[in-house]
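Down below is the structure, laid out as structure tokens.
Since every read-out is calculated from the coordinates, none of them should be taken as a lab result. As the structure is a prediction and not an experimental result, all values here were calculated from the model. In this analysis, Cβ positions are derived from the backbone assuming ideal geometry, glycine residues included, and neighbour counts consider all displayed protein chains.
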Amino acid sequence: MRLAFLASNNGSSMRAIIAARDAGTLDAEPVLIVSNKSAAPALAFAASRNITARHIPTQPDDTAADAALRDALLSAHADLVILSGYLRKLGPQTLAAFENKILNVHPALLPDFGGPGMYGRRVHEAVAASGARQSGATIHVVDAHYDHGPIIAQRAAALAPGDDAAAIERKVTAIEPSLFVETLQRIARGEISL
């Protein structure tokens, strides 16, 4: 599988996926890393690994940025696009060109705690405020709506009474990378079809 990654910051899942490829446990080739932030550590990581990197800012013209992202992904011949902490909504041109080929990890058990504005620490704060007994991570197909596409994998993390947002975040971020790697392994083996 030829994998492209979109990351706004560090790209933790991206790094875990590339490490699995390096270790020989995932048959995949990282072909492109794109960030909407010019100073994103993910871009420096790409440079250190000789992976093609692109900075495609999403403002002031989101339509042009959408076209540029679509074209970059098509030029890289990406089979799958992996969102690894990409904090921008994808545009219609990119979504159409890679329909059912874009995967995201969400830091909760969807359909709960998803939707507009629900990302990062905000999700964990909402989980803590709800009194939920568990949280977790969800891998889902990306569509035109936030956290809406088909769910293809989930892993739960048990919560202890009194866990605050920081404790929940630690538990969830500890399981996200391995869940993403295992999901891609299952896709590569044909156990999950997109």
State the dimensionless ratio Rg/Rh of the chain (Rg: radius of gyration of Cα atoms; Rh: Kirkwood radius). 0.96
In region 1-99, with Lys and Arg counted as +1 and Asp and Glu as -1 at Cβ, which of these residues, Leu90, Ala16, Val31, has the Cα nearest the positive end of the dipole, that is, farthest along it? Ala16
Roughly how tilted is helix 165-188, in degrees to the nearest 10 and between 0 and 90, from the longest Cα axis of the chain? 50 degrees
Angle check, please: helix 12-22 long axis (alpha carbons) against the longest principal axis of the chain (alpha carbons), in degrees 0 to 90, nearest 10. 60 degrees
In deg cm²/dmol, rounded to 500, what helix-only [θ] at 222 nm does the chain give when every DSSP H run of at least 4 residues adds -39500 (n - 2.57) and the total is split over its residues? -11500 deg cm²/dmol
Separation between the Asp27 and Thr63 pseudo-spin-labels, each 7 Å from Cα along Cα→Cβ, expressed in nm? 4.3 nm
With bins 5 Å wide starting at 0, give me the P(r) of region 1-99 over every alpha carbon pair, in whole percents. 3, 14, 26, 27, 18, 8, 3, 1, 0
Can you tell me which of Ala65, Ala19, Ala128 moves the most in a GNM of the chain? Springs connect C-alpha atoms under 10 Å apart. Ala19
Within region 1-25, which residues have the backbone N less than 18 Å from the label spot 7 Å out from Glu191 along Cα→beta-carbon, could you tell me? 1, 17, 20-21, 24-25
May I ask for the angle, rounded to the nearest 10°, between helix 62-75 and the longest principal axis of the chain, with both axes built from Cα atoms and the value confined to 0 to 90°? 70 degrees
Enumerate the residues in region 119-162 having an amide nitrogen under 18 Å from the point lying 7 Å beyond the Cα of Glu99 toward its Cβ. 141-146, 148-151
